[in-house]
Each structure stands twice: as C-alpha cells, then as structure tokens.
1. Using only the Cα atoms, what convex hull volume per residue in Å³ does the chain have?
2. Ignoring ligands, DNA and RNA, what percent of the accessible area of the chain is carbon or sulfur (1.4 Å)?
3. Among the trypsin sites (Lys or Arg not before Pro) within the stretch 112-163, which fall in a DSSP loop and have no more than 12 other Cβ atoms within 10 Å of their own Cβ?
4. Along the charge dipole of the stretch 100-235, Cβ charges K/R +1 and D/E -1, which of Ala235, Ala100, Gly172 sits furthest on the positive end?
5. Residues of the chain: accessible area per residue at 1.4 Å, in Å²?
6. Of the peptides 122-128, 78-84, how do they stack up when ordered by the mean number of other Cβ atoms within 10 Å, highest first?
7. Rounded, prolate or oblate: which fits the stretch 43-149, taking a ≥ b ≥ c as square roots of the Cα gyration tensor eigenvalues, rounded meaning a/c under 1.5, else prolate when a/b beats b/c?
8. Among the lysines, which have Cα under 30 Å from the Cα of Lys158 when same-chain residues fewer than 8 positions away are ignored?
Amino acid sequence: MTNNSADNAAVTFRDMGLPEAILKTLINLGYETPSPIQAAMIPHIMQGRDVLGQAQTGTGKTAAFALPLLSGLDLNVKAGKPQVLVLAPTRELAIQVAEAFQKYAENLPHFHVLPIYGGQSYGPQLSALRRGVHVVVGTPGRVIDHLEKNSLDLSELKTLVLDEADEMLRMGFIDDVEQILKKTPAERQTTLFSATMPPAIKRIAKTYLRDPQEITVAAKTGTADNIRQRYWLVA
Ligand code: AMP
C-alpha cells in the first residue's frame, strides 16, 4: 500500500479532469476548491485505482467518490444493470448519498440513482431496478435480499464503494458486506471509507482491495482558538 498525505495538494476541480457538465454543477453549488480528501482521492479514483480512505463525515468524502464515479459512468447505455454500488450502514446515509449523486449529476441527462434500504416496501425498489439504474446506494441487508431475489444484478458493476465501513462493522453487517463483495466482478474497482481502521476493516481492505492508494484526512474535531476549556474534578 502507498500512503498519501492529503494536506498539501493545491489543485482545482478542473485540473483533475472532471467533465464540463460536472464542473458546471460545482460552480452552481459554489464549490470553489476541492477539500483535501477530494484533492487527494479524485485523481486516483478517476484512474480506476482502488482507494482506502480514512476520513469522517464533514470532510467532503461523498463528493470525493461521487464526482469521479459519475465522470466514469457510461451514460450512453440506457440505464440497465448498475455500474456503481455504494454500501452504507444506515437508511439515512443511503438516502443522503443517493441525494448527493443526484445533486452532482444535475447536468448529466438520463442519470438514474436508486437508494435501497430495509423498512421500505419492495414494490417501488423492484420496479426502479427493473427500469434500470446507473448507481445503487443501499444498506447491506436489503442489498442481499435483492441479490437473493435476483432483482439486483451486479454482473456489470464497475465500482463498489464501502462507506463508513467501521459503522457497518459496528452494526453487525460485515458478513453481509463480505458476501456482497464476493458477488461482484473480480475486476471491479473498490473504494473503502472508514473513520477508524479496526482490525476487521484492515482485513477486508487487505483481502478485497488491490494495491489501494491509502489516504488519511485528519479529523476536524479541534476546539476553536477563542474557546477556553476548563474542567472540575468532582467526587
Ligand atoms: P460530506 O463529508 O461528504 O458529508 O460533505 C460535507 C459537506 O460539505 C456537504 O454538505 C457537501 O455539500 C459539502 N462539500 C463537499 N465538498 C465541498 C467543496 N469542495 N466545497 C464546498 N462544500 C463542499
């Protein structure tokens, strides 16, 4: 594995070779410069490399994978079998990530993304999958259900994203994640994001990622300089 600090890259979204349709959307959204994780990751994901990112929410990690993956989609083919699958620990995150893809794809005509998660009835998910989608964002349990029903076909998958992998581990989904990994094409690109790297996540990375670019972004959890913290010890 190679390691890259994400601290001193000074590049623009244009430098990274993102298509005009996406650059236009970023201007509309007011994204002026890539965040450190975006600057460090987007070029590698664009090249099709596997990536292991240690980063928390709030660092811009969603755009770090969504922007390059949207750039690499084949939108000429009618939306059919998914080209990208994102696994997320919770329904809320799955919806949020699907909405981010939709937002960044504003100027990509015919783009389709579908969130699939437990607790929602199968009907709308089944008909959307039947109509065809480019990107699926799902929670592991429901993704397995669809694989078992043969309603989700991963045979054309180009990229798998594991988002908040340590949370999926904490919530007991890691066996499901591994089962899904085994059902994806061997030549797929894999990107794994995790705020922490417990041994089980390291093992997943070692087993399923090929020579990943490793990127760590320091957590921004410091206290502002103008705040003084004091504490009292009590019995
Ligand atoms: P995330 O860490 O993916 O949850 O993103 C945190 C927030 O930062 C989201 O609200 C994004 O819309 C926003 N964001 C991501 N990248 C950028 C950027 N380069 N410039 C400005 N805002 C951004």
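1. Values: hull volume 37.3 nm³, N = 235.
Here the figure is 159 Å³ per residue.
2. On the way: 6110 of 12090 Å².
The value for the chain is 51 percent carbon and sulfur by accessible area.
3. Numbers: sites: Arg130, Arg131, Arg142, Lys149, Lys158; in loops: Lys149, Lys158.
Here the sparse-neighbourhood loop sites are Lys149.
4. Looking along the dipole axis, the top candidate is Ala235.
5. On the way: 12090 Å² over 235 residues.
Computed with neighbouring chains in place, this is 51 Å² per residue.
6. Values: 122-128: 13.7, 78-84: 18.7.
The most tightly packed comes first, giving 78-84, 122-128.
7. Details: a/c = 1.76, a/b = 1.22, b/c = 1.44.
Oblate shape, in that a/c is at least 1.5 and b/c is the bigger or equal ratio.
8. Lys24, Lys61, Lys78, Lys81, Lys103, Lys149, Lys182, Lys183, Lys202, Lys206
The values are calculated or read from the model by the stated rules, or taken from the named source; none is laboratory data. Small disclaimer: the values here were computed from a predicted structure and weren't measured. Here Cβ is always computed from backbone atoms with ideal geometry, including for glycine, and neighbour counts include all displayed protein chains. Just so you know, the surface numbers come from the protein's heavy atoms only, side chains and all, with ligands and any DNA or RNA stripped out. Shrake-Rupley method; radii C 1.70, N 1.55, O 1.52, S 1.80 Å.
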